[in-house]
Amino acid sequence: MLLYDFHINQLVPDAHTKKPYREPDGRGLYIEVRPCGKKVWIYSYAVANKSRSMVLGEFPDMLVQDAREQVQKY
């Protein structure tokens, strides 16, 4: 499912578990919603069969289109 900026604005921290959760955008790109309310773009990928992840930036400083462009560079 592709994410849109208006959808990301509506995401709120999970008050019950107080754990971060991720919403996928596709191709290894996620928005992680942290208990403090921060929304962070994360890119997950594999190198030599090992899973890695990279923080790309925070929403709204980095919008969904910017995050997708960053993923295309890798």
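The values are calculated or read from the model by the stated rules, or taken from the named source; none is laboratory data. Predicted, not measured: the structure shown is a model, and the values here were computed from it. Cβ placement follows ideal geometry from the backbone for every residue including glycine, while neighbour counts extend to all protein chains displayed. Ligands, DNA and RNA are stripped out before the accessible areas are found, and what is left, the full protein with its side chains, is counted by its heavy atoms. Shrake-Rupley method; radii C 1.70, N 1.55, O 1.52, S 1.80 Å.
Kindly provide the set of residues from region 21-64 that are touching an Asp or Glu at 6+ places or on another chain (Cβ under 6 Å), of a type in the set (A, V, I, L, M, F, W, C) and free of Cβ contacts under 8 Å to residues at least 40 places away in the same chain, ordered by number.
Correct list: I31, V40, I42.
Specify the residue that is farthest from H7 (Cα to Cα); the eligible residues are those in region 29-51 that are touching a Ser or Thr at 6+ places or on another chain (Cβ under 7 Å) and surrounded by fewer than 17 Cβ atoms within 10 Å (Cβ to Cβ).
It comes out as S51.
Which of the residues that make up region 1-28 are among the charged types (D, E, K, R) and exposed (fewer than 11 other Cβ atoms within 10 Å of the Cβ)?
K18, K19, listed by residue number.
Tally up the residues in region 32-52 that are among the small types (G, A, S), over 12 Å from V71 (Cβ atoms) and in a strand (DSSP E or B), please.
2
Tell me whether region 53-60 contains one or more residues that are open to solvent by 70 Å² or more (accessible area, probe 1.4 Å), acidic (D, E) and assigned to a strand (DSSP E or B).
Checked region 53-60: at least one residue is open to solvent by 70 Å² or more (accessible area, probe 1.4 Å), acidic (D, E) and assigned to a strand (DSSP E or B).
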